[in-house]
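Asks: Below you will find the structure I want to go over with you.
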Amino acid sequence: MSLDDLYQRVSAAILNADRLEDEGASRTKVRFAKLSVSFLEQEIAELLPASDPEGAIARRGAVRAALEAGVHARVRELVESYLDEADAELAAELNALVAQADDELPARDVRVVPAATYQIHAA
């Protein structure tokens, strides 16, 4: 697929995600639409170096769309793959998106039961 085709597809995907959100579509539909944007941006990023302004934009877009889709593991995976080639400014922006993803993760309610409160019975 050509770069021009990808630009057209990502623009349409962004408009679709925004439209779904504005229309109050289900969270699942909106998240799926944003994830589609992330994958298209990733395809653009694979064709352009991070040093190219459009390549940097695509990398930010792929990560931001994954964050908006709520797929935090993808945020981390993308950032890890992009950091090696990122300049200081892009690296700082990508790391800020990872920090935002970390902040958005729900706190887990973990309860530890002390061993003294239960007994193991041999059969």
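Asks: Let a ≥ b ≥ c be the square roots of the eigenvalues of the Cα gyration tensor of segment 1-65; is it rounded (a/c under 1.5), or, if not, prolate (a/b larger than b/c) or oblate?
Replies: It comes out prolate by the Cα gyration axes.
Asks: Which order results if VAL71, VAL30 are arranged by neighbouring Cβ count within 10 Å, fewest first?
Replies: Working: VAL71 18, VAL30 22.
Arranged by neighbour count, lowest to highest, VAL71, VAL30 become VAL71, VAL30.
Asks: For mean projected area of the Cα convex hull in nm², one of (1) 9.0; (2) 8.2; (3) 12.7 was computed from the structure I shared and the rest are decoys. Which label?
Replies: (3)
Asks: Here is a follow-up. In deg cm²/dmol, rounded to 500, what helix-only [θ] at 222 nm does the chain give when every DSSP H run of at least 4 residues adds -39500 (n - 2.57) and the total is split over its residues? Numbers along the way, then the final one.
Replies: Details: 5 runs with 87 residues, N = 123.
Rounded to the nearest 500, the figure is -24000 deg cm²/dmol.
Asks: Another question about this same structure. Which helices, taking whole DSSP H runs in the chain, have alpha carbons extending 27 angstrom or more along the helix axis plus mean Kyte-Doolittle at least -1.0?
Replies: Details: long enough: 3-22 (28 Å, -0.32); 27-47 (31 Å, 0.02).
The qualifying helices are 3-22, 27-47.
Asks: Here's a follow-up. Note down the net charge around ALA99, summing +1 for each Lys or Arg and -1 for each Asp or Glu among other residues with Cβ under 12 Å from its Cβ. Working shown, then result.
Replies: Working: positive: ARG76; negative: GLU93, ASP102, ASP103, GLU104.
Around ALA99, the charge tally is -3.
Asks: Once you have the Cα-Cα distance between LEU47 and PHE32, take 0.36 nm times their residue separation minus that, and quote the gain in nm to one decimal.
Replies: Working: separation 15, 0.36 × 15 = 5.40 nm, distance 2.33 nm.
Roughly 3.1 nm would be gained on extension.
Asks: Please check: in the Gaussian network model of the chain (C-alpha springs, under 10 Å), which one of GLU77, GLU43, GLU23 has the largest mean-square fluctuation.
Replies: Ranking GLU77, GLU43, GLU23 by mean-square fluctuation puts GLU23 first.
Asks: Something else now. Compute the longest continuous run of the chain that contains no exposed trypsin sites (Lys or Arg not before Pro); treat a site as exposed when its DSSP state is not H, G, I, E or B and it has at most 16 other Cβ atoms within 10 Å.
Replies: On the way: sites that count: ARG108, ARG111.
The segment 1-107 is the longest one with no such site.
Asks: Give me the dipole magnitude in Debye, nearest 20, for the chain about the Cα centre, with unit charges on the beta carbon: positive for Lys and Arg, negative for Asp and Glu.
Replies: Computed about the Cα centre, the dipole is about 820 debye.
Here, each number is a calculation from the coordinates, and none is a lab measurement. All of these numbers come straight from a predicted model, not from anything done at the bench. Cβ coordinates were reconstructed from backbone atoms using ideal geometry, including for glycine residues, and neighbour counts include every protein chain displayed.
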